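The values are calculated or read from the model by the stated rules, or taken from the named source; none is laboratory data. In this text the structure is predicted, and so the values were computed from the model without any measurement. Cβ atoms come from the backbone with ideal geometry, glycine included; neighbour counts cover every protein chain shown. Ligands, DNA and RNA are stripped out before the accessible areas are found, and what is left, the full protein with its side chains, is counted by its heavy atoms. Shrake-Rupley method; radii C 1.70, N 1.55, O 1.52, S 1.80 Å.
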Amino acid sequence: MACKLHRVRYYNPKPEPINCVAFSKTNKTLAVARSDASIEIWDLNYAPHLIKLIPGAENASVEALGWVKDRLLSTGLGGALLEWDVNTLSIKNTVILTGYAAWCLDVDPNNTLVAVGTEQGYINLYNVEYDDIVYKKLFDKQEGRIMCCKFDKTGKVLVTGSINTIRVWNVETGHATCRISVSRRGNEMIVWCLAVLSDNVVVSGDSQGRLTFWDSVLGDQIETYTTHKSNILSIVVSDDEKNLYCSGVDPVIMNFVKVSKGSGKITGAQWVKNVQRNIHEHQVRALILNGDKLVSVGADGYLTLSSYPPKWVMRIPPMIPAVRSAVCGKNKLLLLRYSNHLEVWKLGAYGTNENGNVMIADVQSQQNVDKENDNTQLEQDTVILDYKKGNKSSGTQKLKITDKPLKLISVKTKKNKQIVSCALSPDGQFVAYSTDSDVRMLKLDTEDEGNISLTKVLISGLSSMCDRMVFSEDSQTLLVHTRGEIKALHVDAQAGATVIQTIATDKYLKSKTALHLHVSKKTPSNNTYLVMADTDGVVVVWARSHKKFEHHVTLPKYRCVPAALTVDTNHETLIIAYVDQKLIEYDLSNKKLSEWGGETLPAQWLARRNAVSSVSVHPGSDALVFQDETSLWIMNKKSKNTNEEPSAKKKFNKNNYGMNLKIIPIKYLAGFHWIGDDEAVTLEILPENIVSQLPPAFVTKRHNMG
């Protein structure tokens with residue numbers, strides 16, 4: 001069936017640059033700090049997937065991050081070392097530093113010591129054993145700020161970089177054992193980044209674009225390369241110390257490999273230039289190696305993964321973490337979430353003729369298609385197929401718009417605090433959102449578009465941050481998750497919102513952070529299901545047949561976390577897409593897995609690199625619609641009959657993979673919602689809109705051309 005589609009392109013949140021990252025090799029978790037002081041925690045075990053978000057505070061900064069096993073530490077211009085509780089997403093411990101603002105920190109390989117370098121030249125050393133932060137000592141004060149610091153592999157030596165100088169320190173005594181001058185011809189040189197090799201060689205990247213290798217015992221320069229046109233901001237070395245990568249303001253990622261030289265008894269090794277990667281246009285601030293994959297981040301806000309050989313690049317765009325949007329199908333309202341404000345839009349309207357059929361604005365030349373071929377098309381979308389350049393699909397049509405989209409309201413948070421979660425009621429009356437300190441609800445009156453009114457709704461019984469919230473189908477219940485509890489609030493415009501049930505999740509879940517919270521529509525058996533998945537990958541279902549939700553079932557834990565989930569109300573099944581691309585369908589009535597499963601998935605699905613960001617049930621057919629950042633995947637739940645004879649009459653379409661799968665490319669897809677049986681909304685962020693909000697790129701002349 002054809003589908004009318006609202007392609008929303010006026011959602012353009014500001015891309016936040018990435019300041020620094022820290023990678024935990026034990027559990028392959030990446031912490032990412034952005035310029036708004038928010039910290040994202042990504043799981044890199046399978047497809048990269050954002051599992052937690054610590055909201056930033058106004059006038060705060062995060063300049064360095066570090067993992068101590070599963071503990072996360074940060075420091076910045078506030079002059080304090082912070083430990084974050086990654087379970088409750090709040091500050092667990094604060095230690096004031098000597099030397100005011102801090103620019104760098106590093107954790108020793110034994111996960112027992114943390115060194116922090118400060119603005120005034122002090123190195124603060126702390127013991128971080130036994131789940132605590134204990135002051136150990138101050139190193140000898142040096143002149144000038146400390147820009148970077150790095151432990152060697154034994155943890156007994158610390159190397160620091162500052163203006164014109166590299167110092168090698170004995171961790172036990174706190175005294176410098178070697179001072180290396182990096183200034184050149186009297187010019188000031190800033191050492192931005194360091195690496196320490198197991199053979200006592202120190203590698204530095206400086207403000208003149210030089211990559212230099214030093215003997216840390218004698219202080220002599222071994223070799224130097226002018227690899228970049230400007231500052232080198234990051235260096236990373238592979239575990240076997242055979243590969244080294246560097247990049248910076250000049251965003252070319254340069255690779256060096258270690259090769260043996262000499263013959264006979266006189267042998268040695270030398271670092272030589274290898275293949276360079278031109279995958280960034282803006283400065284690269286941090287590099288991380290995860291196996292054979294290089295993670296590079298910087299001013300463009302993208303999380304970029306690459307490897308070679310063979311050449312492979314994956315770019316995850318800077319987006320507001322989910323949930324980014326919500327819809328009211330009845331009134332055609334769209335809620336858009338930004339960093340510190342919300343917008344409610346009235347969607348545009350299609351023109352219809354006297355018979356109630358939509359009016360076509362631009363009818364393209366259409367070809368005669370065999371009826372048998374038409375039956376293989378799971379969905380003939382009349383708008384979206386013209387997105388891909390050069391795609392002259394016969395089903396492409398543009399519909400006549402009679403009413404353009406209209407922004408109704410914009411709601412700013414108090415003190416410009418970052419929004420953690422938000423929700424729009426299905427009837428369009430209520431907007432709710434949470435920051436790190438409070439939860440607010442507003443009643444929205446949109447009957448008169450010329451006089452939109454907002455009324456504050458009093459909320460009782462909520463005092464802490466809610467990381468997930470969702471309204472029930474009748475808009476009378478708001479369900480929120482807050483630090484190990486699910487609270488159900490009865491919503492009334494006059495009386496306010498009051499907690500009527502509290503579900504303690506500690507009994508069923510290990511983590512106090514919700515990854516997904518979903519409430520179903522009422523099923524044919526008169527049940528309403530509440531599904532929650534935590535950041536450890538445990539999925540629990542509660543059912544409400546009368547007034548209260550009661551525990552229904554806890555699903556067997558899988559090896560990775562769910563990327564998306566939904567309830568198929570008609571079949572009373574739970575659909576879960578995991579981060580490693582596995583799909584399951586769980587029969588909620590009989591509490592068992594359904595027959596349809598991963599063994600029937602097309603090869604194109606299993607070869608996916610991106611994790612699913614949402615899944616919904618197709619209202620017009622027995623199919624599922626999956627969304628990721630770059631495409632929609634429409635999959636028929638009925639497996640293809642492998643014994644079926646191929647028909648010569650069937651026309652080949654490169655976007656169709658048999659009867660099972662149809663892929664619609666969209667770049668970038670921030671949200672997808674159904675607002676009717678044959679009407680949907682896509683939230684698209686154009687790559688050029690991201691680029692237009694970024695600072696100017698570093699430009700170099702190539703082949704004597706500007």
Taking just the alpha-carbon atoms of segment 1-116, what radius of gyration and Dmax come out, in angstrom? 17.1, 67
Equivalent ellipsoid dimensions for the chain as semi-axes, Å, which come from the Cα gyration tensor, largest first: 49, 31, 24
Based on the Cβ-Cβ distance of R7 and K412, what FRET efficiency does E = 1/(1 + (r/R0)^6) give at R0 = 22 Å, to the nearest 0.05? 0.20
Expressed in whole Å with the largest first, what are the equivalent ellipsoid semi-axes of segment 212-325 derived from the C-alpha gyration tensor as the square root of 5 times each eigenvalue? 32, 16, 12
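Which percent of the accessible area of segment 17-249 is formed by carbon and sulfur heavy atoms (probe 1.4 angstrom)?
That share works out to 46 percent.
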Cα centroid of segment 147-210 to Cα centroid of segment 16-41, whole Å: 24
Where only protein heavy atoms count, and the probe is 1.4 Å, what is the accessible area per residue for segment 17-249 in Å²? 40
Hey, can you find the accessible area per residue of segment 250-317 for me, probe 1.4 Å, expressed in square angstrom? 47
Express as a percent, rounded to the nearest 5, the fraction of DSSP beta bridges in the chain (both residues included) that run antiparallel. 95
What is the mean projected area of the alpha carbon convex hull for segment 17-249, to one decimal in square nanometres? 12.6
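Mean 1/r over all different Cα pairs, inverted: what Kirkwood radius does segment 472-520 give, in Å?
Details: mean 1/r = 0.0857 Å⁻¹.
With all distinct Cα pairs of segment 472-520 included, I get 11.7 Å.
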Out of the total accessible area of segment 422-480 (probe 1.4 Å, heavy atoms of protein only), what percent is carbon and sulfur? 40
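Based on the Cα coordinates of segment 250-317, what is the per residue volume of their convex hull in Å³? Walk me through the numbers on the way to the answer.
On the way: hull volume 7.1 nm³, N = 68.
Roughly 104 Å³ of hull volume per residue.
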If packing is taken as the average number of other Cβ atoms within 10 Å across a peptide's residues, how do 681-691, 624-634 rank, most packed first? 624-634, 681-691
